[in-house]
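Visitor: Below is one structure. I have some questions about it.
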Amino acid sequence: MRERMGEQMRRTEWPTLLLLAGCYLLWLLITASHASLSLWLTLPVLALVLVQHSSLQHEVLHGHPSRHAGLNEALVFPALGLWLPYRRFRDLHLKHHRVPTLTDPYDDPESFYVPLTRWRLLGPAMSALLAFNNTLLGRMLLGPALAVAGFLVAEVRLLLAGERGVRLAWAMHLAGLVPVVVWLHWTGFGALPYAVAVYAAFSVL
């Protein structure tokens, strides 16, 4: 028994756990002390913390920092980034890796490619919008809004179709939002500044 526990301890990635702990600690500190700090400091630091949390979620869905998927998921349970359920991120991203034609512009679920036949059906406004989104500035300014809007539309369709896994993912996400919203309300951190930090984080991602 001791040998088994020792083996599990050796397989645990302690640097990742420490990074997770630091991420949550910094999030708690920056949100709790925001009233005494400038927004010009608070929002960039908070955005970077949210970027790090999303990066750690990516590590978790690939089987880190331990061998236990349930424990790993519990470590990123709080929905700091607000809009993306962890399990939907996990399922869609792993599907991206499972596609045999990874990076194929037609089949890769993470591709932004628009086939020429569909492009010709787009109006000039939408064509210009998508073309601008393919620039660095466009991806930073408009990319998050376009990605979130497209994602939510697709999710609503799946929810209305009764997709069980999608419903469970959103139910767990709503549960993960509770401690975040309660903490932000208790600390008086405004919804608008937090939304700006979330948007900025997604821009970086």
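Visitor: Rounding to the nearest 20 debye, state how big the charge dipole of the chain is about its Cα centre with +1 on each Lys and Arg Cβ and -1 on each Asp and Glu Cβ.
Guide: My answer is approximately 260 debye.
Visitor: Follow-up. First compute the accessible area of the chain with a 1.4 Å probe, then give the percent of it belonging to carbon and sulfur atoms.
Guide: Whole-percent figure for carbon plus sulfur exposure: 69.
Visitor: Go through the stretch 9-94 and name the GluC sites (Glu not before Pro) that are in a DSSP coil and have 16 or fewer other Cβ atoms within 10 Å of their Cβ.
Guide: Hits after loop and neighbour filter: 13.
Visitor: Oh, and also: Considering Cα pairs under 8 angstrom that are at least six residues apart, work out the relative contact order of the chain and quote it in whole percent.
Guide: Reported as a whole number, the value is 29 percent.
Visitor: Give me the compactness ratio for the chain, meaning the Cα radius of gyration over 2.2 N^0.38 Å.
Guide: Compared with the compact-globule rule of thumb, the chain sits at 1.16.
Visitor: Based on the mean of other Cβ atoms within 10 Å per residue, sort peptides 151-157, 139-145 so the most packed one is first.
Guide: My ranking of the peptides, most packed first, is 139-145, 151-157.
Visitor: Rounded, prolate or oblate, given the Cα gyration tensor of the stretch 136-205, with a/c below 1.5 counting as rounded?
Guide: oblate
Visitor: Taking only protein heavy atoms into account and a 1.4 Å probe, give the accessible area per residue of the stretch 34-86 in Å².
Guide: Per-residue accessible area for the stretch 34-86 comes out at 49 Å².
Visitor: How long is the gain from residue 119 to residue 67 if the chain were fully straight, where each residue apart is worth 0.36 nm and the alpha carbon distance is subtracted?
Guide: 14.3 nm
Visitor: Where Lys and Arg each count +1 and Asp and Glu each count -1, what net charge lies around residue 165 among other residues with Cβ under 13 Å from its Cβ?
Guide: +3
Visitor: Toward the positive end of the charge dipole of the chain, about the Cα centre and with charges on Cβ (Lys, Arg +1; Asp, Glu -1), which of 198, 21, 179 goes farthest?
Guide: Farthest along the dipole direction, towards plus: 179.
Visitor: For every helix of n ≥ 4 consecutive DSSP H residues, a contribution of -39,500 (n - 2.57) applies; sum these over the chain, divide by its total residues, and give [θ] at 222 nm rounded to the nearest 500 deg cm²/dmol.
Guide: For the chain, the value works out to -23000 deg cm²/dmol.
The values are calculated or read from the model by the stated rules, or taken from the named source; none is laboratory data. Everything numeric in this text was worked out from a predicted model, so none of it was measured. Using ideal geometry, Cβ is built from the backbone for each residue, glycine included, and neighbour counts are taken over all protein chains shown. Heavy atoms of the whole protein, side chains included, go into the accessibility calculation; ligands, DNA and RNA do not. Shrake-Rupley method; radii C 1.70, N 1.55, O 1.52, S 1.80 Å.
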